[in-house]
1. Please enumerate the residues belonging to the stretch A:242-266 that are under 13 Å from residue A:311 (Cβ atoms) and polar (S, T, N, Q).
2. For residue A:113, are the conditions met, namely being closer than 26 Å to residue A:62 by Cα and surrounded by fewer than 24 Cβ atoms within 10 Å (Cβ to Cβ)?
3. With a cut-off of at least 3 residues that are at pLDDT below 90, name the helices (runs of 4 or more DSSP H) lying wholly within the stretch A:290-390.
4. Out of all the residues in the stretch A:456-474, is one or more out of contact with any Pro (no Cβ under 6 Å at 6 or more places or on another chain), of a type outside the set (Val, Ile, Thr) and under 16 Å from residue A:311 (Cα atoms)?
5. Of the residues in the stretch B:66-75, how many are within 13 Å of the chain's Cα centre (by Cα) and either surrounded by fewer than 19 Cβ atoms within 10 Å (Cβ to Cβ) or touching a residue at least 60 places away in the same chain (Cβ under 8 Å) (or both)?
6. Residues that are within 23 Å of residue A:212 (Cα to Cα), under 20 Å from the mean Cα position of the chain (by Cα) and surrounded by 15 or more Cβ atoms within 10 Å (Cβ to Cβ): does the stretch B:78-99 have at least one?
7. Hey, among A:76, A:22, A:40, which residue is under 24 Å from residue A:338 (Cβ atoms), in contact (Cβ under 8 Å) with a residue 12 or more places away in the chain, hydrophobic (A, V, I, L, M, F, W, C) and crowded, with 18+ Cβ neighbours inside 10 Å?
8. Anything in the stretch A:138-151 that is surrounded by fewer than 24 Cβ atoms within 10 Å (Cβ to Cβ) and either within 8 Å of chain B (Cβ to nearest Cβ) or of a type in the set (Ser, Thr, Tyr) (or both)? List them, or say none.
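The values are calculated or read from the model by the stated rules, or taken from the named source; none is laboratory data. These numbers were taken from a predicted model, which means no experiment stands behind them. Every residue, glycine among them, receives a Cβ derived from its backbone with ideal geometry; neighbour counts consider all protein chains shown.
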Amino acid sequence: MTQSDLITILPLLALVVWACALLLVDLFIPKGRKGWTALLAAAGLALTMGLTLAQAGREASGFGGMLRLDGFSTFLNVLFLGSGLLGVAVAYGYLKRMDLERGEFYSLLLFSITGMMLMAQAADLIVIFLALELLSIPLYVLAAFARPRADSEEAGLKYFLLGAFSTGFVVYGITLVFGATGTTSLAKIVEVLAAGSLGTGSLLLTIGAALILVGFSFKVAAVPFHMWTPDVYQGAPTPVTAFMSVGAKAAGFAALMRIFVMAFPSLSADLTPVLWALAALTMFIGNIIAISQTNIKRMLAYSSIAHAGYILMALVAYGNPAVAADSVASALFYLVAYAVTSFGAWSVVMSLEKPDAKGLEINDFAGLGRRNPLLAAAMTIFMLSFTGMPPTLGLVGKFFLFRTAIEGGFIGLAIIGVLTSLISAYYYLRVVVTMYMREGEPQAEGEYWLTFTTVVTALATVVLQFLPAALFALAAGAVLK
Amino acid sequence: MSIPLSWYLILAAALFAIGLFGVLSRRNAIAILLGVELMLNAVNINLAAFWRYLDPAQMAGQAFAVIVFAVAAAEVAVGLALIISVYRRRKTVVADEIDLMKW
């Protein structure tokens, strides 16, 4: 292992070692004092975050070009580690309250984050496959973590079956790309495609790329590959759902951007119409079905499907070299906006959740405005941000996405995006109306770290919108070269 | 070398299609898992064939095949554990009967 290899994987290495050690240390922490495990997990994440930030601006490539350290990976790794820290913060009190306090939760979370970081750094199709599995397998277990609660077991099983199924598509697609180009390295694939002597291989390549797209569409929950999302999001323990909706989605998009923007710009003539249809369908169906939901977790699940559609909208124009950089930057920007907003909304849901999945109907939020003004105000901010209304980060994020779509010449798609955002206002604002206009006596949990997460994310949603240029510059610096 | 590469690819594609059909048509969770395994085996046939016919000197294809079945084994271990845990409570692994949540 050379020095360059070591620099490339240093944060990853630290997190893996920490996660393994945590698994052992947890054995010696008595039941009822698992707060220590949570603290240690958070310390590991913070340490990795420190290492990642210390390497910011640095570019390196390791293991024969299989892994890369660049602006793109640093940006996403910070996002993953941040969502991991918030995940630990909200999980600690939740697990205690729901009588699920088992230390392996935190190790599994750390392993899953390792997989996501590996995904952001991968520059080889083999590593992308490995990262996909490393991030998914712990998530299958985490989704079923509330066993013996039947809905959680069911969520775990459904997530596993659909996840394994989609992995099959991804890896079969990868073999076809490998067969067509004779290499799995993204950089070398570009070289082979530029030389342009594929012959019959070009058919294999197109089919392979399409299969990879299908597989990752499952992961990011794009319509028509979204069927698992509402069930899994509803059944899984809420901290896991929050982490999944942010981390797993961002990792899926990271892989899509790496593969398509870096290796397959030449296939854009074939893939752009497919991406267009995927984005339009996802925005439309996600928002329409969300209207009829009465359970807040299911509603937020459909909202997360819809947001996958908005982010896909930015990627439709990826093949146009003039907009490719903007399309990655605006997708990354929106991933941050969505991460902050989504984590906040889920933490409010957790505050109102009662054991045995009670307190999760939208009607259970009635009267929150009077009983707990702080929580209701935070939820209002998150709902406005999801809709894309001022004064929130969601508005700025959507603005960049629509701008990219229009620059790329996809005005029809941008119009669909605006219209579906208007539709979404109906069900997001219904939550706000329920909180302030209807009578009820909801009992909110006042646990310290949960409130902390809610307040921090709410502040971030409002404050970050005042420096969109700075954040967008960061995202633009993270663009793939 | 009398057997052309395309035969292997057709075999793999057929196996993948059979696995896909299995996943979509079977209702037993174990049978669905079997379908997924068939899909992953199609992947391995593809990899071995491409490795042998394209560039036997380069080990990427073989190494990838080894990684694929090691990871598949890890995945199945988790999957079977999930299936057993569901079976213990409900005495069924038929996907249609595991339907607590629906929209």
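1. Correct list: A:245 only.
2. Spelling it out, it is not the case that residue A:113 is closer than 26 Å to residue A:62 by Cα and surrounded by fewer than 24 Cβ atoms within 10 Å (Cβ to Cβ).
3. Those helices (runs of 4 or more DSSP H) span A:321-352.
4. yes
5. 4
6. Checking the stretch B:78-99: at least one residue is within 23 Å of residue A:212 (Cα to Cα), under 20 Å from the mean Cα position of the chain (by Cα) and surrounded by 15 or more Cβ atoms within 10 Å (Cβ to Cβ).
7. Just a single option satisfies the conditions, and that option is A:76.
8. Result: A:141, A:147, A:148, A:150, A:151.
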